[in-house]
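FYI, it's all coordinate maths here, none of it is from the lab. The model shown is predicted, which means the values in this text are computed figures rather than measured ones. Don't worry about glycine lacking a Cβ; one is built from the backbone with ideal geometry, like all the others, and counts go over all protein chains shown.
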Amino acid sequence: MKVGIIGSGDVGRALGAKFASLGHDVKIGTRDVKKKEVVKWLKETKGKVSAGSFPDAAAHGEVVFLCTVGSAAETAVEMAGPERIGSKVLVDVTNPLDFSKGMPPGLFVGTSESMAERLQAKLPKAKVVKAFNIVNNAQMVAPKMKDGTPTMIIAGNDVRAKKKVSSILREFGWEDVIDAGDIAGARWLEAWVPLWVRLCQATGSWNVAMRILRK
Ligand SMILES: NC(=O)c1ccc[n+]([C@@H]2O[C@H](COP(=O)([O-])OP(=O)(O)OC[C@H]3O[C@@H](n4cnc5c(N)ncnc54)[C@H](OP(=O)(O)O)[C@@H]3O)[C@@H](O)[C@H]2O)c1
C-alpha cells in the first residue's frame, strides 16, 4: 500500500517506519526535507521510504495520515491541497491541545466539536477517521504492554474507511479495536487526551493506555 504521512514529528516518523517495516511504500511530508530528524529517519529506516512536501505526501498516499501539531492541522490540510486528498481515507492522529495555561492541557476546540469534524467539514469528499490519537507514538506501533494490549477506539462517518483503518491497526498489533460511531465520536477521543496527561502525571509514566473490559 502507498501511505502518505503529513507531518514529520515523532508520530509521523514512528508510523512511517512501522509501515515501511511491514513492506508498505511510505512518503513522509514535511515543510523542510533537509530537517535533521527527517534526514536521519530516511537514512535509518529500512524499507521503501521517501520524503517530500505536504502536497507530495497527500498525492502519494492511497491512505493519508495527518500527524501535525493540532494547532496547524487545518493549515496543513490546506497546504497539502484538498484536491490531492480527494476522496481518500484521511486518518486524523492530531490532538487539538491548548497549552496556553500550561500542563495539563485543555482543548482549543471545546467539546461541542472536534478537530476531526473541522477536517471533515473542510474535506467533504474525504473519509476522515480519528484513530491512534489516544496513545503515545511508541504504543501506536507496538501496542503490547506488560498488562496486555490496550483498546484502540476510532470514529468516522464512513464504515469502509473505518474497516480499512481497523485492518491497519490489526497489522500493527492492535487486538481490540472499537468503532465509536460517526465523526462526532472524535470529540471524546480528543477529550481523552487531557485526561490521559493527568493519568500520566498521576502514575509517573507516559506509558499508560486504556483497555475496555467486558463481562
Ligand atoms: N507525540 C505523541 O506521542 C502523540 C501521541 C498521540 C497524538 N499525538 C498528536 O499527533 C500530532 C503530531 O505529534 P508529534 O509529537 O509527532 O509532533 P508535533 O511536534 O506535535 O508536530 C510536529 C509536526 O507539525 C508540523 N507543524 C508544526 N508547525 C506547523 C505549522 N505552522 N504549519 C504546518 N505544519 C506545522 C511539523 O511540520 P514539519 O514536518 O514541517 O516540521 C511537524 O510535522 C499532534 O497533533 C499530537 O497532539 C502525538
Candidate lysines - alpha carbon under 18 Å from residue 34, same-chain residues fewer than 8 apart omitted: 43
In whole Å, how far is the Cα centre of the range 150-168 from that of the range 18-73? 21 Å
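Suppose every Lys and Arg Cβ carries +1 and every Asp and Glu Cβ carries -1, with no other charges. What dipole size does the range 36-90 come out with about its Cα centre, to the nearest 20 debye?
I would put it at about 340 debye.
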Before anything else, pin down the relative contact order of the range 60-215: Cα pairs under 8 Å, at least 6 apart, normalised by residue count, whole percent. 23 percent
Could you work out which residue, out of 205, 87, 71, moves most in a Gaussian network model of the chain, that is, has the largest mean-square fluctuation with Cα springs under 10 Å? 205
Size of electric dipole in the chain: Cβ of Lys, Arg +1 and of Asp, Glu -1, about Cα centre, debye, nearest 20: 500 debye
Using θ = phi - 60° and the Karplus form 6.51 cos²θ - 1.76 cosθ + 1.60, what ³J(HN,Hα) does each residue of the range 100-106 get, whole Hz, x for Gly and Pro? 5, 9, x, 9, x, x, x
Pairs of Cα atoms under 8 Å, at least six residues apart: use those to get the relative contact order of the range 1-82, whole percent. 39 percent
Which whole-number percentage describes the relative contact order of the range 1-138, with Cα contacts under 8 Å and a sequence gap of 6 or more? 23 percent
If you take the square roots of the eigenvalues of the alpha-carbon gyration tensor of the range 83-197 and sort them as a ≥ b ≥ c, do you get rounded (a/c under 1.5), prolate (a/b over b/c) or oblate? oblate
Using the charge dipole of the range 88-156 (Lys, Arg: +1 at Cβ; Asp, Glu: -1 at Cβ; taken about the Cα centre), state which of 114, 155, 104 has its Cα farthest towards the positive end. 155
Exposure proxy check: 8, 112 ranked by fewest other beta carbons within 10 Å? 112, 8
Any aspartates and glutamates whose Cα falls less than 19 Å from that of residue 146, other than same-chain ones fewer than 8 residues away, would be 175, 176
Only Cα pairs within less than 10 Å get springs; with that Gaussian network setup on the chain, which residue of 29, 204, 185 has the largest fluctuation? 204
Most to least packed among 51-61, 92-102 [average Cβ atoms within 10 Å]: 51-61, 92-102
Mind checking which of 30, 75, 203 has the largest fluctuation in a GNM of the chain, springs on alpha carbons under 10 Å? 203
Among 46/164; 101/215; 125/163, the pairs whose Cα-Cα distance exceeds 29 Å are 101/215
Taking amide hydrogens as modeled 1.01 Å from N in the peptide plane, which residues meet the under 5 Å criterion relative to residue 128, leaving out close sequence neighbours? 90, 157
